[in-house]
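Undergrad: Handing you a structure now.
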Amino acid sequence: MLLTLTGVTKTYATGEGPLTVLDGIDLALQAGTSLALTGESGSGKSTLLHLAAGLDLADAGRVELAGVNLTTAGDPVRAGLRRGTVGLVFQQFNLIPSLDVAANLAFQARLAGRHDPAWTARLAQVLGLSALLGRYPEQLSGGQQQRVAIGRTLAARPQLVLADEPTGNLDEATGDAVLDLMLRLVADTGAALLMVTHSPRLAGRLDRRVTLSAGRIT
Amino acid sequence: MRAGLSALLSHWLRHPVQLAMLMLGLALATALWSGVQAINAEARASYDRAAAVLGQNRMERIVSQDGGPIAQGLYVALRRDGWKVSPVVEGRLPATDLRLLGIDPLTLPAGAASVPVRTGADLADFLSGGGQLYLNPETAAGLRPDGLPALRTDPGLPPGTGLTDVGVAQRLLGMEGRLSYLLVSPGAQPDRPLPQGLVRRAPDDGTDIARLTDSFHLNLTAFGFLAFAVGLFIVNSAIGLAFEQRRAMLRTLRALGLSAREIMGLVLLELLVLALAAGMTGIGLGYLVAAALLPDVAATLRGLYGAEVTGTLSLRPGWWLAGLGMAMAGTLLAAGQSLWRLWHLPLLAPAQPRAWARATARSLWRQGLAGAALLGLSAGLLAFGTGLPAGFGGLAALLVGAALCLPLGLILVTGLGGRMARGVLVQWFWADTRQQVPGLSLALMALLLALAANIGVGTMVSSFRQTFVGWLDQRLASELYVTARSADEARRLEAWLAPRTDAVLPILSAGTPLFGRPGEVYGITDHPTYRDNWPLLAALPDVWGRIAAGQGLMVNEQLYRAEALALGDAVDLPGGPLPVVGVYSDYGNPRPQVLIAPESLMARFPDTPRLRFGLRVDPDRAGALAAALVAEFGLPDGAVVDQATLKALSLQVFEQTFAVTAALNVLTLGIAGLAMFASLLTLSGLRLPQVAPVWAMGLTRPRLALLDFARTLLLAALTLVAALPLGLALAWVLLAVVNVAAFGWRLPMQVFPGDLARLGGIALLAAGVASLIPVLRLARIAPAALLRVFANER
Ligand SMILES: Nc1ncnc2c1ncn2[C@@H]1O[C@H](COP(=O)(O)OP(=O)(O)O)[C@@H](O)[C@H]1O
Ligand SMILES: [Mg+2]
């Protein structure tokens, strides 16, 4: 199992008292499969994704990624997993503003020590970014930025791709095209995909689909 | 309108740190500026007071030819003969530091003095047997009135001076029946020669002390101005940020129906209120700075030039107003760019909000080009301009131009660094550093100016000290200097000294016009003491031989530069012109001076008294000889001076000068550090979108914080590298251009690598400390804060 969540609980302290966002989540994801995570806004989808990536820690329960218990692992170990094992695509601000598209595309792969210029160039071509390599993020449209973010993640060939509404800022047609690409490339590289989306239509295109509601998976 | 103003002001309540930075920057800038101004004003007032007593050297005098006292009978005879003269007795009160001036208020020329004796009753008291002694209140406080007349205080008197009736002074100084000199009333005098032994001495133009110390004040002022400018950078960045953050609100206000004009008015009102508050705080602080520094400054001036400056401050309304005016003007200047943008604020938000980053890069290029143009202008002014305005104009253009070029330079250097870097993190580090430059540029410019000022003024003071002390060593080559009271005593002294010393070198001098200005001629004996030690700037071969043979003269640097003389040019003297065969440095002397052989001097100025001698002896025996001299001839205090004491004194003076400049240096650097801190703090919030992706891709927060720390140090170090040549250029302009234009002499520049290294260390330390809080914050930032970057719900 690449990713396992067992009895995971997460509570935020808010102005109106503690807010339990995740309340005993059990979830497992196998290599080479894709899973859609849906739910209403504020149901805790992003929170779950962040715990899975080791970006934040669960209050109780166990998150295991590639055989490592994230809850007990130190910050450096979790950072190491993000570098080498996970690829993240967020809804926005994925890119490093000071680097141009070419540098952004190669960044994570180089960080992980897996930079393959030919593969990166192919990705750029498939994603339609070849003409934009010299531009900076602020000179790109939202859809272009998301394509760069996806390309960057796939260029690093991570075992697990975690995507948080990667098409949320895009219009329907672009969103569909981006998702097509992502699914094809994930399949090509044999990675697992956990994607958050509130669109049932998009969710239906993945292998499995779970819904978060009231802190639990249904 | 009310609602608009409260909306504007609410911003500051929500951002108290920003408000604090704005206020602190402005207050500190005003404090340093007004502090320096207070010191200068106080010192100037002191000289004026000193000069005003008896119009000191502004009146023509009658003195005895041998420098000794004048018999009172001669004075009476002159008055009978129709001369309008007034007697003065002057001397140091035994066993005190008090300079006693005895005057005769009845015959004192009008306008001679701000003498406090005016009303009839006072006048009667002043003249009556017991008499009165007028003192500055501070001087009076330190005096025990044993055997002194009734003490009266008058703040108009300079410190260390007592004013009393001539009869009282004669009694106190043991000069019964004798007078020091006679003041000559302006206007017609009898057309008869003076009695044998008396000569008229022309007045000096202006006060020497004021002119000598001008150099010091000029530097203080320049420093104060630089500190002010550095402070304005903080104000500018704080205001700029506040405007940037309030853009949306201002737009809303416009949309709600306030006209651009009204908003402008509100903003100006807000700025002026802030400036007023900060300015008042700054003036209060400036007063404290001045009060703390003044004792040091007073001691410096006293030691350096013998000028007395009161060690306390008095509050001058003009100074308050000027300080407030500076604060207001500074605020408006610092806000200029923001106000201009506000005026042109489009009603609708721009389509691409992040395009401003590009715009900033373009404006950095524009700024860099303007800076380069200013540097060119500076070079032109310094190379081809003449006079003080060109010097200062060149200086200002140099500093501003360099500051404007700095951000562009940093952009280019960091771009180059990124291109040369291999590793992915190192490349990102350079690229990210480069992106920080626009946001930090004002703070870095402030740092550049502060460092350059430190280097420049530090180098100038050190060069001054080194040169001056070295020069003293050479000029004060004799171990002892003795002054006789009369020609007869001088003859006996010479005879007595001849077997007891290695050499007795008479020092002869006469006043004479040189190129139409009051000047001095010195007679100098041909002796190894001079041949080996006298510091020459230019000379023909065998210069000493030519002078000894009466075939030439040497001129001081001031005369050489002022008249654009060349070796070989003739200088007119009574008894025929002589060619210039050498030039010597003569620091601090405002007057033209020439050196000739003593025989020529006596031939040309036969009345010259031969009273002063330099004595060469084994330094170990100098003290014993001085004691013996005093015992044998009963010479008064000050008639025998030993070289070691003089040098120790001048060294001590420089330590005090250092204390003052060091204090100002620390304050300026502190302000620059603060500017850095303010910018880093505000940037740290805006930076999250830049670091969050890198963190998500697997860099720990401590690692990121460490990189941020390194980034600040790198930028500070690059700024330091730029500050080095700029500071040295600043020193060079001060020493070789401004000083020459203002005072006629040039100081050789000397660089002290140890000082520069220490300053560099301090600058890096300051940058490190300034970045500490933002960096620690980043190291411990909650992951949630970083994650917020990626979510658009919140
Ligand atoms: N750092 C935080 N502090 C407090 N509350 C938070 C924080 N992060 C998320 N929340 C709250 O937790 C709930 C779930 O948030 P999130 O996981 O972002 O939901 P989703 O992604 O499904 O829209 C929301 O109600 C949100 O307000
Ligand atoms: Mg979400």
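Undergrad: Of everything in the stretch A:188-218, what is over 22 Å from A:G44 (Cα atoms) and under 15 Å from the mean Cα position of the chain (by Cα)? Give them in sequence order.
TA: A:A191
Undergrad: Right, something else. Applying the selection to the stretch A:158-174, what residues are more than 11 Å from the chain's Cα centre (by Cα) and within 16 Å of ligand 2 (Cβ to nearest atom)?
TA: Hits for the stretch A:158-174 are A:T167, A:G168, A:N169, A:L170.
Undergrad: Then there's this: In the stretch B:769-787, what residues are more than 10 Å from chain A (Cβ to nearest Cβ) and over 19 Å from B:L667 (Cβ atoms)?
TA: Within the stretch B:769-787, the first condition is being more than 10 Å from chain A (Cβ to nearest Cβ), and the residues that meet it are B:769-781, B:785.
Listed by number, the residues that qualify are B:S771, B:L772, B:I773, B:P774, B:V775, B:L776, B:R777, B:L778, B:A779, B:R780, B:I781, B:A785.
Undergrad: All but one of (1) more than 16 Å from ligand 2 (Cβ to nearest atom); (2) among the small types (G, A, S); (3) without any contact (Cβ under 8 Å) to a residue 60 or more places away in the chain hold for A:A66; state the number of the condition that does not hold.
TA: Of everything listed in (1) more than 16 Å from ligand 2 (Cβ to nearest atom); (2) among the small types (G, A, S); (3) without any contact (Cβ under 8 Å) to a residue 60 or more places away in the chain, A:A66 misses just condition (3).
Undergrad: Could you please give the count of residues in the stretch A:175-194 that are more than 16 Å from ligand 2 (Cβ to nearest atom), under 23 Å from B:P693 (Cα atoms) and not in a helix (DSSP H, G or I)?
TA: Residues flagged as more than 16 Å from ligand 2 (Cβ to nearest atom), under 23 Å from B:P693 (Cα atoms) and not in a helix (DSSP H, G or I) within the stretch A:175-194 amount to 3.
Undergrad: From the residues in the stretch B:478-529 that are modelled with pLDDT under 80 and outside any loop (DSSP other than H, G, I, E, B), which one is least open to solvent (accessible area, probe 1.4 Å)?
TA: B:T529
Undergrad: Residues to consider are B:R687, B:R746; find the one that is away from ligand 1 (no atom under 16 Å from the Cβ), within 14 Å of chain A (Cβ to nearest Cβ) and modelled with pLDDT under 90. Spell out how you get there, then give the answer.
TA: Working: B:R746 fails: within 14 Å of chain A (Cβ to nearest Cβ).
Step by step, each of B:R687, B:R746 is checked, and only B:R687 is away from ligand 1 (no atom under 16 Å from the Cβ), within 14 Å of chain A (Cβ to nearest Cβ) and modelled with pLDDT under 90.
Undergrad: Also: Give me the residue from the stretch A:91-111 that is more than 8 Å from chain B (Cβ to nearest Cβ) and not in a loop (DSSP other than H, G, I, E, B) and, out of that set, most open to solvent (accessible area, probe 1.4 Å).
TA: A:A102
Undergrad: If you scan the stretch A:60-69, which residues turn out to be within 14 Å of another protein chain (Cβ to nearest Cβ) and either out of contact with any Gly (no Cβ under 8 Å at 6 or more places or on another chain) or assigned to a loop (DSSP other than H, G, I, E, B) (or both)?
TA: Correct list: A:A66, A:V68.
Undergrad: Just a yes or no: is a residue in the stretch B:45-64 aromatic (F, W, Y) and modelled with pLDDT under 80? So that I can check it myself, show each step before the final result.
TA: Narrowing the stretch B:45-64 to residues aromatic (F, W, Y): B:47.
This time we only want the ones that are modelled with pLDDT under 80, so: B:47.
Within the stretch B:45-64 (the criterion being aromatic (F, W, Y) and modelled with pLDDT under 80), the answer is yes, since at least one residue qualifies.
Undergrad: Let me ask another. Considering (1) open to solvent by less than 20 Å² (accessible area, probe 1.4 Å); (2) closer than 19 Å to A:Q159 by Cβ, say which one A:T33 fails and leave the rest.
TA: (1)
Undergrad: Say whether the condition of being away from ligand 2 (no atom under 16 Å from the Cβ), of a type in the set (S, T, Y) and touching a Phe, Trp or Tyr at 6+ places or on another chain (Cβ under 9 Å) is met by at least one residue in the stretch A:96-116.
TA: To start, the set of residues in the stretch A:96-116 that are away from ligand 2 (no atom under 16 Å from the Cβ) comprises A:96-116.
Imposing the further condition that a residue be of a type in the set (S, T, Y) reduces the set to A:98.
Filter once more, keeping what is touching a Phe, Trp or Tyr at 6+ places or on another chain (Cβ under 9 Å): A:98.
Within the stretch A:96-116 (the criterion being away from ligand 2 (no atom under 16 Å from the Cβ), of a type in the set (S, T, Y) and touching a Phe, Trp or Tyr at 6+ places or on another chain (Cβ under 9 Å)), the answer is yes, since at least one residue qualifies.
Undergrad: I would also like to ask the following. Could you grab the pairs with beta carbons closer than 8 Å, sequence gap of 6+ or different chains, first residue in the stretch A:126-152 and among the basic types (K, R), second one open to solvent by 40 Å² or more (accessible area, probe 1.4 Å)?
TA: Listed pairs, sorted by first residue: A:R135/A:D100; A:R147/A:G128.
Table: residues versus (1) over 30 Å from B:A757 (Cβ atoms); (2) more than 14 Å from chain A (Cβ to nearest Cβ); (3) open to solvent by less than 40 Å² (accessible area, probe 1.4 Å).
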{"position": "B:L681", "(1), (2), (3)": "no, yes, yes"}
{"position": "B:A692", "(1), (2), (3)": "yes, no, yes"}
{"position": "B:M697", "(1), (2), (3)": "yes, no, yes"}
{"position": "B:P702", "(1), (2), (3)": "yes, no, no"}
{"position": "B:R711", "(1), (2), (3)": "no, no, yes"}
{"position": "B:V721", "(1), (2), (3)": "no, yes, no"}
{"position": "B:V738", "(1), (2), (3)": "no, yes, yes"}
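Undergrad: Among the numbered conditions (1) surrounded by 18 or more Cβ atoms within 10 Å (Cβ to Cβ); (2) away from ligand 1 (no atom under 16 Å from the Cβ); (3) of a type in the set (A, V, I, L, M), tell me where A:L133 comes up short.
TA: The one condition A:L133 does not meet is (1).
Undergrad: Answer with yes or no whether A:G61 is over 19 Å from the mean Cα position of the chain (by Cα) and crowded, with 16+ Cβ neighbours inside 10 Å. It would help to see each step written out before you state the result.
TA: On the way: over 19 Å from the mean Cα position of the chain (by Cα): yes; crowded, with 16+ Cβ neighbours inside 10 Å: yes.
So A:G61 fits the description; yes.
Undergrad: Filter the stretch B:709-753 down to the residues that are without any contact (Cβ under 8 Å) to a residue 12 or more places away in the chain and more than 27 Å from B:L537 (Cβ to Cβ) and list them by number.
TA: B:V721
Undergrad: In the stretch B:747-781, how many are farther than 29 Å from B:V733 by Cα and surrounded by 15 or more Cβ atoms within 10 Å (Cβ to Cβ)? Break it down into steps so the answer makes sense when it comes.
TA: Step one: filter the stretch B:747-781 for residues farther than 29 Å from B:V733 by Cα, giving B:768-781.
Narrowing further to those that are surrounded by 15 or more Cβ atoms within 10 Å (Cβ to Cβ): B:768, B:770-771, B:774-775, B:777-779, B:781.
Of the residues in that region, 9 qualify.
Undergrad: Only one of A:T38, A:T14, A:T72 is β-branched (V, I, T), more than 14 Å from chain B (Cβ to nearest Cβ) and open to solvent by 50 Å² or more (accessible area, probe 1.4 Å); which? Talk me through it step by step, then tell me what you get.
TA: Working: A:T38 fails: open to solvent by 50 Å² or more (accessible area, probe 1.4 Å); A:T14 fails: more than 14 Å from chain B (Cβ to nearest Cβ).
Just a single option satisfies the conditions, and that option is A:T72.
One line per residue, one yes/no per condition, for (1) within 11 Å of another protein chain (Cβ to nearest Cβ); (2) crowded, with 19+ Cβ neighbours inside 10 Å; (3) modelled with pLDDT under 90:
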residue: B:R419; (1), (2), (3): no, no, no
residue: B:R422; (1), (2), (3): yes, no, yes
residue: B:Q427; (1), (2), (3): yes, yes, no
residue: B:W430; (1), (2), (3): yes, yes, no
residue: B:T433; (1), (2), (3): yes, yes, no
residue: B:Q436; (1), (2), (3): yes, yes, yes
residue: B:S441; (1), (2), (3): no, yes, yes
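Undergrad: Considering A:L49, A:L57, A:L88, which residue is touching a helix residue (DSSP H, G or I) at 6+ places or on another chain (Cβ under 9 Å), hydrophobic (A, V, I, L, M, F, W, C) and not in a loop (DSSP other than H, G, I, E, B)? Outline the logic, then answer.
TA: Numbers: A:L49 fails: touching a helix residue (DSSP H, G or I) at 6+ places or on another chain (Cβ under 9 Å); A:L57 fails: not in a loop (DSSP other than H, G, I, E, B).
A:L88 is the lone residue from the list that is touching a helix residue (DSSP H, G or I) at 6+ places or on another chain (Cβ under 9 Å), hydrophobic (A, V, I, L, M, F, W, C) and not in a loop (DSSP other than H, G, I, E, B).
Undergrad: Tell me whether the stretch A:32-51 contains one or more residues that are without any contact (Cβ under 8 Å) to a residue 24 or more places away in the chain, within 13 Å of ligand 1 (Cβ to nearest atom), under 14 Å from the mean Cα position of the chain (by Cα) and under 25 Å from B:L699 (Cα atoms).
TA: Let us first name the residues in the stretch A:32-51 that are without any contact (Cβ under 8 Å) to a residue 24 or more places away in the chain, namely A:42, A:50.
Narrowing the set further to residues that are within 13 Å of ligand 1 (Cβ to nearest atom) leaves A:42, A:50.
Restricting the remaining residues to those that are under 14 Å from the mean Cα position of the chain (by Cα) gives A:50.
With under 25 Å from B:L699 (Cα atoms) added as a condition, the list becomes A:50.
There is at least one residue in the stretch A:32-51 that is without any contact (Cβ under 8 Å) to a residue 24 or more places away in the chain, within 13 Å of ligand 1 (Cβ to nearest atom), under 14 Å from the mean Cα position of the chain (by Cα) and under 25 Å from B:L699 (Cα atoms).
Undergrad: crowded, with 19+ Cβ neighbours inside 10 Å and more than 16 Å from ligand 2 (Cβ to nearest atom): is that true of A:L81 in this structure?
TA: Yes; evaluated as a whole, the condition is true for this residue.
The values are calculated or read from the model by the stated rules, or taken from the named source; none is laboratory data. Fair warning: this is a prediction, and the values are worked out from it, not measured in the lab. Methodologically, a virtual Cβ is constructed for each residue, glycine included, from the backbone with ideal geometry; neighbour enumeration extends over all protein chains shown. Ligands, DNA and RNA are excluded from the accessible area calculation, which covers all protein heavy atoms including side chains. Shrake-Rupley method; radii C 1.70, N 1.55, O 1.52, S 1.80 Å.
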